[in-house]
Amino acid sequence: MKNELTYDTQDLWEKDRDHIIHPWIDLGTARTREPLIVAEAEGAYVTNSEGHRMLDGMGGMWCVNVGYGREEMAQAIADQARRMCYFSPFGMISTPPSIEFGAKLAEYAPGDLRHVFFTTGGSTAVDSAIRFVQFYFNFVGQPEKKHIITREHAYHGSTYLTASVSGKPGDRGNLNFVTDIVHHLPAPNPYRRPDGMSEAEFCDAKVADLESKILELGPENVACFIAEPILASGGVIVPPEGYHRRTLEVCRKYDVLYISDEVVTGFGRLGQVFASEPVFDLVPDIITCAKGLTSGYVPLGAVMISDRLYGRLTGPEAEGKMFANGFTYSAHPVACAAGLKSLEIIEKEDLCGHVREIGPYFVERLRSLLDLPIVGDVRGSHLMVCIEYVTDKKTKEPMPAEWDIGQRIINETMPRGLLVRPMGHLVVMSPPLIITRVQIDELVETLRASTLAVMDRLVKEGLWRG
């Protein structure tokens, strides 16, 4: 990317501190911290306002799947904006891009999930999915089915309802949540299973958690179970083999709807457009998606709904009934044009095949860091991996929050030309799908050097004995 623009970083820092409220910022440092100002990007790299180039190990936020600066993406967005930038999506109004994109998504969705409700992002997709479930059971004469079962360490969004359904402990301070109908099960994290318990036994226990909760609440009262195939920002937690298929069977047994939240796992991150069926042997009732839906170029989310559900709501008995949910920018034509082009690139360049080929190499190379004494676990799948830092490998004791290990790591990686995502004692990676083996090697070696530097610093500060 060639850009003649220059940036006054100091001026931007001052304006940022004076005017911008950042998501998930430590408010105690809001007036003093110097934010990272990402000014330009191309391929798998981003450049800050001072011209320092870094490999983006975060993929923006799990989402820049086709990479930055794609001319064909910019052209598709510009062409649609010139042709017709926007019109109201409410009622019986549609646009060609939204129709074509909805039909294209239905080709990839598993089973009979052939109907699409477009939203503005992942949070509004999950919120809309849960509201649809509530509407559905009210419509079919089961209004008592209101309870939602979810999991600790899950992340499903930041609307009032989706934040309530989320279960990351660090996100639950100083805010209010829906508590009467939302229930959190223990996270299915094999790394944290009891000593002496096999992974198969752990799977049995986690499936039993779901069935026990349904029976405790009464199946007649439970509306849905919502699950990310891999718990993403909760720590890239990969449930034990067979977990998803068996939890679906439990849901079917008790007439509980299954929502698969593929906001992160969809559109190639695990080597498939939708991961639910080909990766996890799961055909849910509803799928939510966003992020890679447009590769982050324009905000968009979607809810895929099965024929079985939608068909019950669209007969003669539905006349006069309205699903009163939606957004000014639902099915935005420019966003849908971007989604169509992003999916076209994924198909044309076989990025899913590339991820299936290179993903195991990414995981294998990162697992080489397990020889470092503070790396307790390296987990994930394909281009979605987390490193968990611990004080002791045997006890699996996490690094104390006050050590801010994730931030220490990124403070070392950035000067070395790498961005990763720090989350407490975890570091998460989800690079663009176009990443190469050479870039993977670059990422891993930079992480190794950075971790060694942090270990040395911890010893010098007397926090860790080494």
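The values are calculated or read from the model by the stated rules, or taken from the named source; none is laboratory data. Just so you know, these numbers come straight off a predicted model, no measurement behind them. Please note: Cβ atoms are built from the backbone with ideal geometry, for glycine as well, and neighbour counts cover all protein chains shown.
On the basis of being touching a His at 6+ places or on another chain (Cβ under 8 Å) and among the acidic types (Asp, Glu), does Glu461 make the cut? No, not satisfied. Entry remark, the range 150-186: residues being surrounded by 21 or more Cβ atoms within 10 Å (Cβ to Cβ) and in a loop (DSSP other than H, G, I, E, B) number 7 in total.
The set of residues in the range 187-241 being touching a His at 6+ places or on another chain (Cβ under 6 Å), crowded, with 18+ Cβ neighbours inside 10 Å and polar (S, T, N, Q) is empty.
Among the residues of the range 421-430, not a single one is farther than 25 Å from Val264 by Cβ, outside the structural domain of Gly271 (by TED's automatic domain parsing) and basic (Lys, Arg).
Taken over the range 397-437, the criterion of being under 24 Å from Arg465 (Cβ atoms) and within 18 Å of the chain's Cα centre (by Cα) is satisfied by Pro422, Gly424, Leu426, Val427.
Checking each residue in the range 374-405 for being surrounded by 14 or more Cβ atoms within 10 Å (Cβ to Cβ) and more than 30 Å from Pro278 (Cα to Cα) picks out Ile374, Val375, Tyr389, Val390, Thr391, Lys393, Lys396, Pro398, Met399, Trp403, Asp404, Ile405. Looking at Gly462, Gly417, Gly406, just one residue is at pLDDT below 95 and over 16 Å from Gly271 (Cα atoms), and that residue is Gly462. Among the residues of the range 199-211, is any modelled with pLDDT of 95 or more, out of contact with any Leu (no Cβ under 6 Å at 6 or more places or on another chain) and either more than 27 Å from Ala275 (Cβ to Cβ) or in a loop (DSSP other than H, G, I, E, B) (or both)? No; the residues of the range 199-211 include none that is modelled with pLDDT of 95 or more, out of contact with any Leu (no Cβ under 6 Å at 6 or more places or on another chain) and either more than 27 Å from Ala275 (Cβ to Cβ) or in a loop (DSSP other than H, G, I, E, B) (or both). The criterion of being closer than 28 Å to Gly170 by Cβ, surrounded by fewer than 18 Cβ atoms within 10 Å (Cβ to Cβ) and either small (Gly, Ala, Ser) or more than 24 Å from the chain's Cα centre (by Cα) (or both) holds for Arg33. Going by the structure shown, is Ala74 surrounded by fewer than 19 Cβ atoms within 10 Å (Cβ to Cβ), farther than 28 Å from Pro97 by Cβ and under 25 Å from the mean Cα position of the chain (by Cα)? So Ala74 fails the test.
Counting residues in the range 15-33 that are at pLDDT 95 or above, touching a Pro at 6+ places or on another chain (Cβ under 9 Å) and outside the structural domain of Val334 (by TED's automatic domain parsing) gives zero.
Scanning the range 150-173 for residues that are closer than 17 Å to Asn189 by Cα, of a type outside the set (Asp, Glu) and in contact with a His (Cβ under 7 Å, 6 or more places away or on another chain) yields Thr150, Arg151, Ser166, Gly167, Lys168. Reported count of residues in the range 357-398, each being touching a residue at least 24 places away in the same chain (Cβ under 8 Å) and of a type in the set (Asp, Glu), is 2.
Scanning the range 217-252 for residues that are part of a helix (DSSP H, G or I) and closer than 23 Å to Met304 by Cβ turns up Tyr243, His244, Arg245, Arg246, Thr247, Leu248, Glu249, Val250, Cys251, Arg252.
Per-residue answers, yes or no, for (1) in the same structural domain as Thr328 (by TED's automatic domain parsing); (2) surrounded by 13 or more Cβ atoms within 10 Å (Cβ to Cβ):
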| site | (1), (2) |
| --- | --- |
| Ser49 | no, yes |
| Ala78 | yes, no |
| Arg83 | yes, yes |
| Tyr86 | yes, yes |
| Gly91 | yes, no |
| Pro96 | yes, yes |
| Ala103 | yes, no |
| Tyr108 | yes, yes |
| Asp112 | yes, yes |
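Residue-level analysis places Arg269 outside the set of residues that are on the phi < 0 side of the Ramachandran plot, surrounded by fewer than 18 Cβ atoms within 10 Å (Cβ to Cβ) and either in contact with a strand residue (DSSP E or B) (Cβ under 9 Å, 6 or more places away or on another chain) or assigned to a strand (DSSP E or B) (or both).
Does the range 306-355 hold any residues that are within 21 Å of Gln75 (Cβ to Cβ), acidic (Asp, Glu) and either at pLDDT below 95 or in a helix (DSSP H, G or I) (or both), and which are they? Once the filter is applied, which keeps residues that are within 21 Å of Gln75 (Cβ to Cβ), acidic (Asp, Glu) and either at pLDDT below 95 or in a helix (DSSP H, G or I) (or both), the range 306-355 yields Glu344, Glu347.
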